[in-house]
Amino acid sequence: MIVCSCNCLTDAQVRESCTRAEGAARSTFEVYKCLGCSPKCGTCARTIRKIMDETLGRSTSASACGACPVAVDSQCGAAKIADALNAAIEPLPVGAALTAAE
């Protein structure tokens, strides 16, 4: 099954990258690196993490260990941080030019 449309990665490739004898992936970034690509849109990251957790026999719940203070089932910590940053940044008016801060 295709799990990453941007890089055409399959679940079998993800599983194989986690079970290599040498250089086995232990994070989603390492999966991309092992497979010679990089994340594009990021939509597949949760699916890749779930496949890794299943393959390695790890807990699939982000809040299961309590190590991540912002982990919730409906939204990952990174998404919460991005939402907070976007809410704090004032949008530029339409047609405004970007200039370097002095």
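The values are calculated or read from the model by the stated rules, or taken from the named source; none is laboratory data. Everything quoted here is computed from the prediction, not taken from an experiment. Reconstructed Cβ throughout: ideal geometry from the backbone, glycine too, with neighbour counts over all protein chains shown.
A few points about this structure:
- For beta carbons closer than 6 Å, sequence separation of 6+ or different chains, a first residue in region 28-57 that is in the same structural domain as Val14 (by TED's automatic domain parsing) and a second that is among the aromatic types (Phe, Trp, Tyr), the qualifying pairs are Ser38/Tyr32; Pro39/Tyr32.
- For region 1-31, a residue qualifies if it is under 16 Å from Arg49 (Cβ atoms) and either of a type in the set (Val, Ile, Thr) or touching a strand residue (DSSP E or B) at 6+ places or on another chain (Cβ under 8 Å) (or both), and the qualifying residues are Met1, Val3, Leu9, Thr10, Asp11, Val14, Thr19, Thr28, Val31.
- Residues that are among the charged types (D, E, K, R) and surrounded by 13 or more Cβ atoms within 10 Å (Cβ to Cβ) were ranked within region 1-25; the one that is farthest from Leu56 (Cα to Cα) is Asp11.
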